[in-house]
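Please read the structure below before turning to the comments.
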Amino acid sequence: MFILVGLGNPGGNYENTRHNIGFMLIDQIAAESGVFLSQNRFGALTARTRWQGHDVFLMKPQEYMNLSGNSVQQALSFFKLDEEELIVVFDDLDQAPGAVKTRLGGGHGGHNGIRDILDKLSSDKFYRVKIGIGKPEHKSATANWVLGKFTNSETEFLEKESFPLAKTRLLETMKQILKKKNK
């Protein structure tokens with residue numbers, strides 16, 4: 001089984017914001033799988049399903065972004081999974097809008113949700129799928145940028161280009177993890 005975590009902030013005020021791109025992708029995977037994230041477990045909206053032939057536990061932590069680590073830690077512990085079976089999807093200011101990058105391990109790169117997960121797990125050995133949101137012109141506008149809503153054209157681009165690529169990267173990552181485990 002894999003735990004797929006989308007990072008974001010709970011509540012209607014944050015829907016369709018750049019910072020909630022992780023929530024948006026997890027919602028798409030849930031919809032494709034015919035499930036709705038409704039069960040509140042580990043302080044997160046969750047659903048367990050099969051997606052593209054894989055057993056996955058979908059999570060959207062319901063603490064604010066900066067406190068996502070507790071939910072993740074509780075789920076890993078409950079299911080007795082290794083950190084390498086965890087994949088976290090989140091926004092990345094340092095990438096062009098819509099770009100997708102996957103990596104195992106590393107630092108938080110200034111992302112407070114990842115910082116909290118690193119702190120709670122005391123490990124960086126989990127996979128990340130980062131979806132670019134670009135940067136504002138001035139660093140002082142960063143908070144408003146990440147909490148700003150996507151335009152209709154940005155949302156359309158995400159749905160047609162970025163999310164399909166991110167889902168492909170998720171599947172490739174899961175296959176890579178399984179291959180590694182079966183050696």
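Values for this structure:
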| read-out | value |
| --- | --- |
| Heavy-atom accessible area ranking, 1.4 Å probe, most first, across E137, E172, E15, E83 | E137, E15, E172, E83 |
| Accessible carbon and sulfur surface of segment 1-155 relative to its total accessible area, %, 1.4 Å | 47 percent |
| For S140, solvent-accessible area (1.4 Å; no DNA, RNA or ligand), Å² | 110 Å² |
| Cβ-based charge dipole, segment 108-183, positive-most Cα from I117, I177, I131 | I177 |
| Heavy-atom SASA rank of F36, F42, F157, F90 (probe 1.4 Å, accessible area, largest first) | F36, F157, F42, F90 |
| GNM top mover of N40, N20, N144 - the chain, alpha-carbon springs below 10 Å | N144 |
| Solvent-accessible area of D94 with every protein chain in place, 1.4 Å probe, in Å² to the nearest 10 | 100 Å² |
| Cα centroid of segment 137-183 to Cα centroid of segment 13-81, whole Å | 15 Å |
| Candidate residues D55, D119: accessible-area rank, largest first, probe 1.4 Å | D119, D55 |
| Accessible area expressed per residue, the chain, with surrounding protein chains retained (probe 1.4 Å, Å²) | 49 Å² |
| Normalised contact order of the chain, rounded percent, pairs of Cα under 8 Å and 6 or more residues apart | 24 percent |
| Over 19 Å (Cα to Cα) - which of K120/K167; K80/K101; K101/K175; K130/K167 fall in this group | K120/K167; K80/K101 |
| Considering only the chain, percent of DSSP beta bridges that pair antiparallel, nearest 5 | 55 percent |
| Virtual spin-label span in nm between S153 and Y64, 7 Å along Cα→Cβ | 3.3 nm |
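The values are calculated or read from the model by the stated rules, or taken from the named source; none is laboratory data. Just so it is clear, the structure is predicted and the values come from calculations on it, not from any experiment. Cβ atoms come from the backbone with ideal geometry, glycine included; neighbour counts cover every protein chain shown. Surface accessibility is based on the protein's heavy atoms, side chains included, excluding ligands, DNA and RNA. Shrake-Rupley method; radii C 1.70, N 1.55, O 1.52, S 1.80 Å.
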